[in-house]
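Worksheet: the structure to be examined is printed underneath.
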Amino acid sequence: MRERHAMMLMERLSPIGLGRLLIGCAQGVGLYLLIRGMENAAQGSMRAFVLPPLFVACLSVPLVAMLDLGRMPMRRLIAWSAAVAAVLIGLTVHDIQRRIGAHPLDNGMWQGVAPSFTLIAATAIMVFVAHALMSAAQEEARPIARYGRYFDVAWKQGVQLAFAANFTGALWLVLFLGAALFDMLHLDFFSRTIGEPWFAWPATFLALGAAIHLTDVAPGIIAGIRKLALVLLSWLLPVMVLITAGFLAALAATSLDLLWQTKRGAVTLLSAAACLIVLANAAYQQGPPRDGEDGHLPARILAWSGSAIGPLLLVLVGLAGYATFLRVDQYGWTNDRVILAAVVLVASLYAIGYAGSGWWNDAPRRWWEATNIAVSFVVVGIMLAVLSPLADPARIAVSSQLNRLTSGRVSVDAFDFVSLRFDGERYGQEALRSLSQSVDPAIVDKANSALQAANRWQAKSQAGLPSADAVAANMIIHPAGQALPPGLAKPGLSHLDCHRMAGKKCDVVLLGHDGGGRAMAVMTEHNAAAPLLFFTGETDGQWRHAGNFGLACADQRQALLKGDFTLAPPLVPDIVIGTRRLSLEDRPTLSPRCP
C-alpha cells in the first residue's frame, strides 16, 4: 500500500520532477559555457563585466527555482528568481570592478575576471536566508509569516540542500569507482569522459535537481531526519553552556590580557556565541504548542540551559565588541575588522533579544521568536551593504588607514603600503597613486614600490627597512632599565617583524657573556607564542642570529622576562669536524606540551 501511494505521488509530481531535472541540466550547461567564456578574458573587457555576473546568478537562481517549483505560483516564482538574479548581477559587477588591476596573475588566465570566492560564499548564504523568508511569507500569503512556518521552511530547505549535496557526492564516488574498474582493463574512456568539464558540470547539477525532487516527494522522511538531527544537537547545549560559564568564571579570576594576547580573541568569542545560538535554536525548535498547532517542549535541563543563553551571549559578545574596538582604535579599520564589526552587530542583536526572552516554560518565547525573524532580515541587509559600495570593507579600510597616515597617528615607516596594494582592491590602488604625488619623498618611494610589485611577497621584499632608531624603539628590554646593545637594533638582523617593520614589538632578554667573551641575548615577538631566537654579539659590536631555543610555554615565558632563570652548560658536548661545530638540537615539535 505504501509503495502504491509513493508511485501515485511520483506520477502526480512527475511534471515538477521533470522541470527540476531540466533546470538542473540547464544550470550545469550554462555554468560550463560561462566558465569557458571567462577563460583568458581580459580585465576591463565587456566579457569581464558580463560573464562573471551571469556565472554567480547561474549558481544560485536555478536552485531557488528548483526548491519552490510547484509550491510557489509560476509568475511569482519567475519574478522572485528575476529579482534575485538582478541583485546577484549587481553585486558581482561591483566585485569585478573593485578588483580590476589589484590581483595580477602570471598565467594569463582568470586575470581578475572571475568572481571572488568571498562573493560566491556570501551570496549563497544571503540567498538561502532571503529565499527561506520569502517562501514562508508566500505560503501564508502575508509579509511576515508565523515563526513556526519560518522554522519549517528554513530547516526543510536546509536539509534538502544538504541531502542533495551528499547525493551528488555519492554519485561522483560511484563514477570514480567505475573509472577505476575500467582503468584496470586499460580502458580509459570512462575516466576521460567524467573528467571532461562538458560532462562534469551538467552531471553534477542534474544530480542536484534529481536529489531535490526526491527529497521533496516524501516530506515526512525529511521532517523525521530533521527532528533527529535537532534532538542530537540540542543535547550539546548543556555541555556548551557549562563550558562557556566555566570559561567566563576563569576569565574573571585571571586577566583580560591573556585573552588579548592571543590576537584572535574576538573571533573565538564570536565562534562560541554562534555555537550557543545554533544549539539553543536546536533545543527550542518551533517552540511550544499554540493555537492547536504542533510544537516542541524541550526537556527541563534543555530549558534551563536555553534560559541561560541570553546572559552568556551578552558577556561573550560584549567582550568581542570591546576587543574589536581596541584593535580599531589602535590600528584602524581593515577588511577583516569591518566584517568582524558586522558579525558583532548581528551577535549583539541576538544577545539582546535572547536576554529579554525570559525563562523558558510551556509558553512561547515571543521575544526569542521575534529576534530570530528580525535578525534574519538584518543579516540579509548587512550582507547586501557589505557586498555593495555602500559598506565595502576595502573602501572603509583604505579611508581609515589613509586618515591615520595623514593625521600623523602612524609614521611612514610603520604604515603598511603593501596592504593598500593587495588588500585595498581598487581603492587601495587609487590611494597609492595619490600618495605617489606626495611632497614627502619617503611616502613617494614606498607608494611607487608597492604599485610596481607584482605580488605581496615581492612588495614586502622590496619594501625599505626601517631605521635603526625605529628598530630600537621596537625592543622591550627585560628586566627593564638595561641598555640595548646597538647591534641588536640593526635593521634586517632577523626575520622577526621588529627587525623589518616599525611599530612591531619584541621582547629582549640579555643573558650576559659566554666563556669566549661574547655577549648573548634571546629575543621573541611581544605577546605571541613564538620561538626564542638566540643572538650572539662579537667584540666588534656586531650581532648575529645564532639559533633558536624553540617555543616556550606561557609561564616559562613570563619567568624568563622577569629574569627568573639560570644558564646551564649543555648536557651533550658539541662535535667539532674541522672548523665546523655541530650541536645537538631538540627534536622539533609543532605544539609543545605545556602544563
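The values are calculated or read from the model by the stated rules, or taken from the named source; none is laboratory data. Bear in mind that the values here come from a model prediction, so they are computed numbers and not experimental data. Here the Cβ is made from the backbone with ideal geometry for all residues, glycine too, and neighbour counts use every protein chain on show. The accessibility values were calculated without ligands, DNA or RNA, using every heavy atom of the protein model including side chains. Shrake-Rupley method; radii C 1.70, N 1.55, O 1.52, S 1.80 Å.
Structure above, values below:
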| item | result |
| --- | --- |
| Residues satisfying the stated conditions in region 211-254, i.e. outside any helix (DSSP H, G or I) and either in contact with a helix residue (DSSP H, G or I) (Cβ under 8 Å, 6 or more places away or on another chain) or surrounded by 12 or more Cβ atoms within 10 Å (Cβ to Cβ) (or both) | Ala218, Trp235, Leu236 |
| For Phe415: the one exception among (1) surrounded by fewer than 19 Cβ atoms within 10 Å (Cβ to Cβ); (2) in a loop (DSSP other than H, G, I, E, B) | (1) |
| Check on Ala568, part of a loop (DSSP other than H, G, I, E, B) and surrounded by 13 or more Cβ atoms within 10 Å (Cβ to Cβ) | no |
| Residue ID - farthest from the chain's Cα centre (by Cα), chosen from residues in region 500-517 that are buried (at least 20 other Cβ atoms within 10 Å of the Cβ) and part of a loop (DSSP other than H, G, I, E, B) | Ala502 |
| Where Phe534 falls short, out of the listed (1) open to solvent by less than 30 Å² (accessible area, probe 1.4 Å); (2) in a strand (DSSP E or B) | (1) |
| Leading residue by the ranking (most open to solvent (accessible area, probe 1.4 Å)) among those in region 477-492 that are under 25 Å from Gln261 (Cα atoms) and touching a residue at least 40 places away in the same chain (Cβ under 8 Å) | Pro479 |
| Hey, Trp172 part of a helix (DSSP H, G or I), out of contact with any His (no Cβ under 8 Å at 6 or more places or on another chain), surrounded by 13 or more Cβ atoms within 10 Å (Cβ to Cβ) and modelled with pLDDT of 95 or more or not | yes |
| Residue tally, condition open to solvent by 60 Å² or more (accessible area, probe 1.4 Å) and either farther than 28 Å from Ala299 by Cβ or at pLDDT below 90 (or both), over region 263-274 | 4 |
| Those residues of region 345-400 which are closer than 30 Å to Ala431 by Cβ, outside any loop (DSSP other than H, G, I, E, B) and open to solvent by less than 30 Å² (accessible area, probe 1.4 Å), in sequence order | Val346, Ala385, Ala391, Pro393, Ala394, Ala397, Val398, Ser400 |
| Residue within region 169-186 that is more than 26 Å from the chain's Cα centre (by Cα) and in contact (Cβ under 8 Å) with a residue 60 or more places away in the chain present | no |
| Scan of region 133-165 for residues that are free of Cβ contacts under 8 Å to residues at least 40 places away in the same chain and part of a helix (DSSP H, G or I), ordered by number | Ala136, Ala137, Glu140, Arg149, Val153, Ala154, Gly158, Ala162 |
| Residue in region 275-297 that is farther than 30 Å from Lys156 by Cβ, open to solvent by 60 Å² or more (accessible area, probe 1.4 Å) and in a helix (DSSP H, G or I) present | no |
| Pair list, Cβ < 8 Å and 6+ apart or interchain, from region 534-562 residues that are on the phi > 0 side of the Ramachandran plot and modelled with pLDDT under 85 to residues that are open to solvent by 30 Å² or more (accessible area, probe 1.4 Å) and of a type in the set (Phe, Trp, Tyr) | Gly547/Phe534 |
| Leading residue by the ranking (nearest to Ser399 (Cα to Cα)) among those in region 300-317 that are open to solvent by 40 Å² or more (accessible area, probe 1.4 Å) and not hydrophobic (A, V, I, L, M, F, W, C) | Pro311 |
| Subset of region 72-97 (residues that are buried (at least 20 other Cβ atoms within 10 Å of the Cβ) and under 22 Å from the mean Cα position of the chain (by Cα)) | Leu88, Leu91, Thr92, Asp95, Ile96 |
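Condition check ((1) of a type in the set (S, T, N, Q); (2) modelled with pLDDT under 90; (3) out of contact with any Pro (no Cβ under 9 Å at 6 or more places or on another chain)) across all residues:
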site: Leu340; (1), (2), (3): no, no, yes
site: Ser348; (1), (2), (3): yes, no, yes
site: Gly358; (1), (2), (3): no, yes, yes
site: Asp362; (1), (2), (3): no, yes, no
site: Trp367; (1), (2), (3): no, yes, yes
site: Ser376; (1), (2), (3): yes, no, yes
site: Leu387; (1), (2), (3): no, no, yes
